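Peer 1: Sharing a structure, written as structure tokens. Questions coming.
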Amino acid sequence: MKKNLHLTIAFMGLLQLFFMQGATAQYTAIPDANFEQKLIDLGIDSEGTLDGQIPTANAQAVTSLDVSNSSISDLTGIADFDNVVTLQVQGNTLTTLDVTSNPALTWLNCYDNNLTSLNTTGVTTLKSIECYNNSLTALDVTTNTALENLVFSNNSLTSIDLSNNTALQILVCASNDLLSLDLTNNTALTKVLALTNNLGYNDPNSFKIKNGNNTNIPTANFDIRYNWNTMCVEVDDVAWSNTNWTNKQVHHTYSTNCSALPVELVDFKASYRDGKAYIDWTTASEVNNRGFEIEVSTDGSRWREIGFVKGNGNTTQLNHYTAVDVNPKSGMNYYRLVQVDFDGSYKMSKVVSIRIGEQKRVGIAPNPVKNRLLITPVVEQPVRVKIFDALGSVVYQGSYQSPELDVSSLTNGSYLLVLESTNGNVETIRFIKE
């Protein structure tokens with residue numbers, strides 16, 4: 001009887017200990033089966049079964065996590081990997097990513113996803129973010145003050161605030177919709193690839209890189225081509241920039257002081273009717289304004305003056321102006337204003353354009369492509385062909401020889417095809433190699 005009592009007490013003690021251990025064990029929910037399977041493959045989910053959870057202690061022990069190319073669409077649970085330093089989630093189907101609960105994170109690769117939201121707020125240890133080939137329209141890195149490498153090509157950002165990122169060395173932001181870019185605080189820069197944006201669309205002088213250390217950026221590491229509205233780029237030294245930073249459009253000019261026009265333009269447009277091109281603009285205010293020279297170009301590089309319209313000196317009233325190009329050319333016609341002060345100084349406006357006559361736009365097929373890319377319609381005039389990768393580097397260049405282009409040697413990913421004709425027309429098309 002006493003022996004049975006002792007056995008019962010021992011059994012109850014073991015049972016109590018079992019429940020106590022069960023009650024104290026913590027688990028992290030992993031609702032995405034592909035994410036959990038990858039954690040099982042990596043030995044992080046030690047239980048080895050797809051049950052939608054992993055031991056939290058296992059997550060907290062991880063310092064480097066690579067779950068790339070695993071068809072993951074939901075990274076819920078990543079918040080408990082609070083000691084992770086390196087996180088690689090590229091090549092998945094993620095639409096959102098929040099790493100604000102990963103305070104030790106230093107390297108983040110999340111390119112080749114479907115991200116519309118990336119939250120890195122407060123992660124002050126981050127040194128590298130590579131989030132190219134996504135669908136981001138905004139990116140806040142103002143609190144990522146240790147950031148040295150930032151690559152967000154092939155997204156849809158219209159602005160980026162980098163004023164706090166004084167340690168930034170590499171910036172690759174090609175193929176976005178950036179309207180302005182101020183890099184005056186980024187004194188550590190060694191590479192800037194900002195080609196194919198809308199820099200200067202609202203203000204032709206909205207690209208500033210006068211940071212006191214321009215000479216740290218060599219020729220191959222600076223590219224601002226295909227920003228058609230940019231007129232003036234603010235730099236340290238004009239002569240040095242003209243010699244070394246040659247990857248720009250012909251109409252881009254360097255200056256140590258790209259001050260805004262002394263005229264506030266609220267509207268500037270061009271239209272075509274009755275065989276003539278009409279250039280219309282409106283000013284909200286003018287200071288010391290003698291008038292406007294109107295210039296036209298058919299290639300965006302070579303300009304000629306076609307008229308002069310007298311200004312209103314000093315005024316804060318709305319003023320409407322019109323100029324007429326009586327002989328516009330077939331194809332593209334680009335127009336810009338040269339605002340001239342009474343003292344002879346001048347500033348240039350952004351560029352507006354009209355297309356006269358039908359012109360078939362270049363297309364490509366198939367897209368995505370595996371081996372050969374067909375360019376349509378057949379291009380008849382001499383054309384230079386260039387292909388840029390997502391990092392803004394030229395991976396192919398040559399002359400147009402046939403409507404078929406062999407891209408089989410390219411690695412899988414997103415690319416930008418650029419066709420430059422001898423008359424100055426440029427076509428840019430994105431494609432995916434798979």
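Peer 1: Looking at V362, V385, V379, V324 in this structure, which one is within 30 Å of Y415 (Cβ to Cβ), aliphatic (A, V, I, L, M) and modelled with pLDDT of 85 or more?
Peer 2: V385
Peer 1: Okay, next question. For segment 85-114, which residues satisfy the criterion of being of a type in the set (S, T, N, Q), buried (at least 17 other Cβ atoms within 10 Å of the Cβ) and under 23 Å from F431 (Cα atoms)?
Peer 2: Q90, N92, N109, N113 - these are the residues of segment 85-114 that are of a type in the set (S, T, N, Q), buried (at least 17 other Cβ atoms within 10 Å of the Cβ) and under 23 Å from F431 (Cα atoms).
Peer 1: Considering every residue within segment 49-67, establish whether at least one is touching a residue at least 40 places away in the same chain (Cβ under 8 Å) and either within 31 Å of the chain's Cα centre (by Cα) or part of a loop (DSSP other than H, G, I, E, B) (or both).
Peer 2: Yes; the residues of segment 49-67 include at least one that is touching a residue at least 40 places away in the same chain (Cβ under 8 Å) and either within 31 Å of the chain's Cα centre (by Cα) or part of a loop (DSSP other than H, G, I, E, B) (or both).
Peer 1: With the condition kept exactly as written, say whether any residue in segment 229-243 is under 23 Å from V395 (Cα atoms) and in the same structural domain as Q90 (by TED's automatic domain parsing).
Peer 2: no
Peer 1: Then there's this: Can you tell me which residue within segment 97-118, out of those that are touching a residue at least 24 places away in the same chain (Cβ under 8 Å) and touching a helix residue (DSSP H, G or I) at 6+ places or on another chain (Cβ under 8 Å), is farthest from V62 (Cα to Cα)?
Peer 2: My answer is V99.
Peer 1: Kindly indicate which of S259, S206, S163 is free of Cβ contacts under 8 Å to residues at least 24 places away in the same chain and of a type in the set (S, T, N, Q).
Peer 2: S163
Peer 1: Pick out the one residue from D112, D80, D140 that is within 30 Å of Q26 (Cα to Cα) and among the acidic types (D, E).
Peer 2: The unique qualifying residue is D80.
Peer 1: Then there is this: Of all the strands (runs of 3 or more DSSP E) wholly in segment 271-375, which have at least 1 residues that are touching a His at 6+ places or on another chain (Cβ under 9 Å)?
Peer 2: Hits in segment 271-375: 276-297, 331-341, 346-348.
Peer 1: Is it true that some residue in segment 115-138 is surrounded by 19 or more Cβ atoms within 10 Å (Cβ to Cβ), closer than 22 Å to A33 by Cβ, hydrophobic (A, V, I, L, M, F, W, C) and in contact with a Cys (Cβ under 6 Å, 6 or more places away or on another chain)?
Peer 2: Within segment 115-138, not a single residue is surrounded by 19 or more Cβ atoms within 10 Å (Cβ to Cβ), closer than 22 Å to A33 by Cβ, hydrophobic (A, V, I, L, M, F, W, C) and in contact with a Cys (Cβ under 6 Å, 6 or more places away or on another chain).
Peer 1: Something else now. Please work out which residue is nearest to the chain's Cα centre (by Cα), limiting yourself to segment 266-293 and to residues that are crowded, with 18+ Cβ neighbours inside 10 Å and more than 13 Å from T315 (Cα to Cα).
Peer 2: Residue satisfying both the conditions and the ranking: F268.
Peer 1: Within segment 388-434, track down each residue that is aliphatic (A, V, I, L, M), in a strand (DSSP E or B) and either modelled with pLDDT of 80 or more or loosely packed, with under 14 Cβ neighbours inside 10 Å (or both).
Peer 2: Within segment 388-434, V394, V395, L405, L416, L417, V418, L419, I429, I432 qualify.
Peer 1: Can you tell me how many residues within segment 182-203 are assigned to a strand (DSSP E or B) and either among the small types (G, A, S) or in contact (Cβ under 8 Å) with a residue 60 or more places away in the chain (or both)?
Peer 2: 1
Peer 1: Just the residues that are farther than 12 Å from N186 by Cα and aliphatic (A, V, I, L, M), please, taken from segment 151-175.
Peer 2: Once the filter is applied, which keeps residues that are farther than 12 Å from N186 by Cα and aliphatic (A, V, I, L, M), segment 151-175 yields V151, L157, I160, V172, A174.
Peer 1: A further question follows. Name the pairs whose Cβ atoms lie under 8 Å apart, with the first residue in segment 295-319 and surrounded by fewer than 14 Cβ atoms within 10 Å (Cβ to Cβ) and modelled with pLDDT of 90 or more, the second of a type in the set (D, E) and in a strand (DSSP E or B), and 6 or more positions between them or separate chains?
Peer 2: Once the first residue is surrounded by fewer than 14 Cβ atoms within 10 Å (Cβ to Cβ) and modelled with pLDDT of 90 or more and sits in segment 295-319, its partners that are of a type in the set (D, E) and in a strand (DSSP E or B) give R304/E295; E305/E293; E305/E295; G313/E286; N314/E286.
Peer 1: Suppose the filter is on the phi > 0 side of the Ramachandran plot, modelled with pLDDT of 95 or more and assigned to a loop (DSSP other than H, G, I, E, B); does G122 pass it?
Peer 2: yes
Peer 1: Another one. Does segment 246-262 contain any residue that is assigned to a strand (DSSP E or B), out of contact with any helix residue (DSSP H, G or I) (no Cβ under 7 Å at 6 or more places or on another chain) and surrounded by 14 or more Cβ atoms within 10 Å (Cβ to Cβ)?
Peer 2: Yes, because at least one residue in segment 246-262 is assigned to a strand (DSSP E or B), out of contact with any helix residue (DSSP H, G or I) (no Cβ under 7 Å at 6 or more places or on another chain) and surrounded by 14 or more Cβ atoms within 10 Å (Cβ to Cβ).
Peer 1: Picking from L171, L179, L162, which residue would you name as being assigned to a strand (DSSP E or B), closer than 20 Å to C232 by Cβ and either at pLDDT below 95 or of a type outside the set (D, E) (or both)?
Peer 2: Result: L171 is the single residue among L171, L179, L162 that is assigned to a strand (DSSP E or B), closer than 20 Å to C232 by Cβ and either at pLDDT below 95 or of a type outside the set (D, E) (or both).
The values are calculated or read from the model by the stated rules, or taken from the named source; none is laboratory data. Quick caveat: nothing in here was measured; it's all calculated off a predicted structure. In this analysis, Cβ positions are derived from the backbone assuming ideal geometry, glycine residues included, and neighbour counts consider all displayed protein chains.
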